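The values are calculated or read from the model by the stated rules, or taken from the named source; none is laboratory data. All figures in this text were calculated on a predicted structure; none of them were measured in a lab. In this analysis, Cβ positions are derived from the backbone assuming ideal geometry, glycine residues included, and neighbour counts consider all displayed protein chains.
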């Protein structure tokens, strides 16, 4: 059961309504008026709740389902307990996401500007915004409509946020132009100095970073991630990117549309990614590399050369995924001798 202290439950729903939301078929139409109050996992579910089953590797778990109803695919219908009402879906995982959106919503404050917020007179704030306690908004900042700025975040001079943006608590944004429908999670640091210096007479002299960070539309940048501004050219995050917690994106990097960078990925300066590049956790990139569209980078890979579009690589230094698996199997054989 979802804790209603943190999320608003928009139910209850009938199974007929749930079938429509999920794009599923209720196999026993006589149960269409059955009331469902909540979603639950298979291990913790019970009466009045609905669960989802789509794990091919754990078919034996199906017999343990105790929720009133379950959404599953055609291949698993026969595994459902007799007392469980079955909804058949072509894509149970997609159905889960759809019902999640319909049944629950976050508990957010109504639009207002809290008294402790500090807003420069030259800043422009759109309509229906929430500006939380101790938020700081600098000179000439522009905030679009329907934005939600949580407690303690800082939007520095000249930054621009589009409509429907959310900035988490204690996030800091500077030297940045941000599109619409962008969610920057708590603790993120956007637009700070890139790691640039020159050694002169045994001393490391900082090189001024004069570029910006440009973030497209429909982007999520998760907690404690850092995106450096460019040295001269801009650091660019394309539309639809998803960047996980604790990711480092250095100065002058450019991500295309729809890229996914999982936790602790580190990208050195002046790298260019195509569209829909996927990087597993802790992958690291040397500077000045080109990574082609739809490339897949395995977790903990070390990327030291350009990656062709559509390539799947893994290891450090990274090699083709199949070659990596062969290499691993060969090493294991050697260890057994």
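Summary table
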| quantity | calculated |
| --- | --- |
| Residues of the stretch 219-242 classified as in a loop (DSSP other than H, G, I, E, B), farther than 13 Å from residue 189 by Cα and in contact (Cβ under 8 Å) with a residue 24 or more places away in the chain, total | 7 |
| Lone unmet requirement of (1) in a strand (DSSP E or B); (2) under 30 Å from residue 129 (Cβ atoms); (3) without any contact (Cβ under 8 Å) to a residue 24 or more places away in the chain for residue 51 | (2) |
| Leading residue by the ranking (surrounded by the most Cβ atoms within 10 Å (Cβ to Cβ)) among those in the stretch 158-170 that are in contact (Cβ under 8 Å) with a residue 24 or more places away in the chain and more than 18 Å from the chain's Cα centre (by Cα) | 159 |
| Top-ranked residue in the stretch 23-53 [being surrounded by fewer than 17 Cβ atoms within 10 Å (Cβ to Cβ) and under 27 Å from the mean Cα position of the chain (by Cα); ranked as modelled with the highest pLDDT] | 23 |
| Qualifying residues in the stretch 274-284 (those that are free of Cβ contacts under 8 Å to residues at least 24 places away in the same chain and within 20 Å of residue 216 (Cα to Cα)) - the one surrounded by the fewest Cβ atoms within 10 Å (Cβ to Cβ) | 278 |
| Which numbered condition residue 90 fails, given (1) buried (at least 19 other Cβ atoms within 10 Å of the Cβ); (2) in contact (Cβ under 8 Å) with a residue 40 or more places away in the chain | (1) |
| Of residues in the stretch 295-312 being within 22 Å of the chain's Cα centre (by Cα) and surrounded by 17 or more Cβ atoms within 10 Å (Cβ to Cβ), the one farthest from residue 277 (Cα to Cα) | 301 |
| Number of positions in the stretch 35-46 that are assigned to a loop (DSSP other than H, G, I, E, B) and either in contact (Cβ under 8 Å) with a residue 40 or more places away in the chain or farther than 20 Å from residue 24 by Cβ (or both) | 3 |
| Residue match in the stretch 77-96 (condition: within 30 Å of residue 148 (Cβ to Cβ) and either in contact with a strand residue (DSSP E or B) (Cβ under 6 Å, 6 or more places away or on another chain) or part of a loop (DSSP other than H, G, I, E, B) (or both)) | yes |
| Residue 188 in contact (Cβ under 8 Å) with a residue 40 or more places away in the chain and either assigned by TED's automatic domain parsing to the domain that holds residue 236 or touching a helix residue (DSSP H, G or I) at 6+ places or on another chain (Cβ under 7 Å) (or both) | no |
